[in-house]
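What follows is a single structure, written as structure tokens, with notes after it.
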Amino acid sequence: MRNLVIEPTSKTPKVILNADLGIFEITGRSIPEDAIGFYRKVLDWIEEYSKSPLSETVFKFQLEYFNTSSSKCLLDIFRKLERMHKNGNKVQIRWHYDSDDEDMAETGQDYQALLDVPFELVPV
Amino acid sequence: MSMTYSYYKNMQLNNIIFVYQGEVTADLVSSILQMVENKLEGEGEDRKVKKRVFNVMVECLQNVYHHLDALPPTDPSNPVRDKTALLMIGREEKDYYIITGNHVLNDRIPDLKARLDRINRSSKEELKQLYQEVLTGTGFSEKGTAGLGMIDIARKSGQRLGYDFHPVNEKYSFFSLEARVSRIPEK
């Protein structure tokens, strides 16, 4: 399938979804007014990918800031990865955060508690 | 021109970093965020504090932006015809404060007030639970993420949200919201 690369802006993160290299990353800041519009492509890509995923999918998130509209979209992404996991695929979410950013650590823990998929908190 | 000095003194007295009155667009929100972020950066504010202020600012400003969008086109006979708002950011000795002001339909006040009061009554733990309920769609039934925004503001602020509804006419009131972020990092 086609790889998806979205370059970052002051309000949206860098997205790399590359099934050839096994790189799945969302990094930077995610504070768009229209988060649903931004994440639609990402969600569609993951939906398509989940039909025949690699033997292992490690999805990296490293966000500096995100707004509450993005938080719903992130949950939608996690739900898709959770479904892949439940379907017997090897999936891991890695939530990277600045080690002195307690708020971002806490947000990661919030998601962790809501999901049934390997979800690792990685202080950087 | 004689007013300029008194505006200046007034802003200085109230520790106002930034004030804007006018139409709120996505571009404007971006510019304000950029400007205030640069200012916080330049003044060497604590990193944690800076992040919190930025986060709260994003939610407050976008709240107003979405909120105004949600207002129906106003009746031409209505005196409140514009979609303008007030955005204000200040820095006191102990806190940063972010104040927004915009018109709301009077019909919406009871719901808005109930939500704000519930948030203000909630403990840190209760806010976390409420956040998760709204995030997963089992919390207060309402469209979009406006509910989540205010809970997030309260969580990051760690202080009660200040608010006021100033009656404008039989249809509208002016809603102001104040969120404070402590400049003294915990621990």
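Under the classification rounded if a/c is under 1.5, otherwise prolate if a/b is larger than b/c and oblate if not, where does the range B:3-182 fall, given a ≥ b ≥ c as square roots of the Cα gyration tensor eigenvalues? Oblate, since a/c reaches 1.5 and b/c is not below a/b. Taking 26 Å as the cut-off for C-alpha to C-alpha distance, list the pairs among A:K80/B:K156; B:K113/B:K171; A:K72/B:K50 that go past it. Where the Cα-Cα span goes over 26 Å, the pairs concerned are A:K80/B:K156. Ranking B:D95, A:D98, B:D27 from most to least accessible surface, computed with a 1.4 Å probe over the protein chains only, gives B:D27, A:D98, B:D95. Here the Debye sum runs over all C-alpha atoms of the protein assembly as shown as equal scatterers in vacuum, and log10 of I(q)/I(0) at q = 0.13 Å⁻¹ comes out as -0.99. B:D107 sits with roughly 140 Å² accessible to a 1.4 Å probe, with DNA, RNA and ligands left out of the calculation. Compared with the rule-of-thumb size 2.2 N^0.38 Å for a compact globular protein, the range A:7-124 has a Cα radius of gyration ratio of 0.99. Of all DSSP beta bridges confined to chain A, the antiparallel ones make up roughly 30%.
Split the accessible area of the protein assembly as shown by element, probe 1.4 Å, and carbon with sulfur accounts for 51%. Figure legend: label point modelled 7 angstrom from the Cα of B:N120 along Cα→Cβ; residues of the range B:154-178 with amide N under 18 Å from it are B:154-167, B:173-178.
Largest first, the residues B:M1, B:M35, B:M57 sort by 1.4 Å accessible area into B:M1, B:M35, B:M57. Its relative contact order, with pairs defined as Cα atoms under 8 Å and 6+ residues apart, puts chain A at 21 percent. Volume per residue for the range A:12-64 equals 63 cubic angstrom (convex hull of Cα atoms). Annotation: the antiparallel percentage among DSSP beta bridges lying fully within the protein assembly as shown is about 65. Simple rule: put +1 on each Lys or Arg Cβ and -1 on each Asp or Glu Cβ in the protein assembly as shown, find the dipole, and look at B:Y163, B:L127, A:T107; the Cα lying farthest toward the positive end is B:L127. For A:K86, the lysines whose Cα comes closer than 18 Å to its Cα, not counting residues fewer than 8 places off in the same chain, are A:K51.
The values are calculated or read from the model by the stated rules, or taken from the named source; none is laboratory data. This one's a predicted model, so the numbers in the text were calculated from it and none came from an experiment. Heads up, the Cβs are rebuilt from the backbone with ideal geometry, glycines too, and the neighbour counts pull from every protein chain shown. Only protein heavy atoms, including side chains, enter the accessible area calculation; ligands, DNA and RNA are left aside. Shrake-Rupley method; radii C 1.70, N 1.55, O 1.52, S 1.80 Å.
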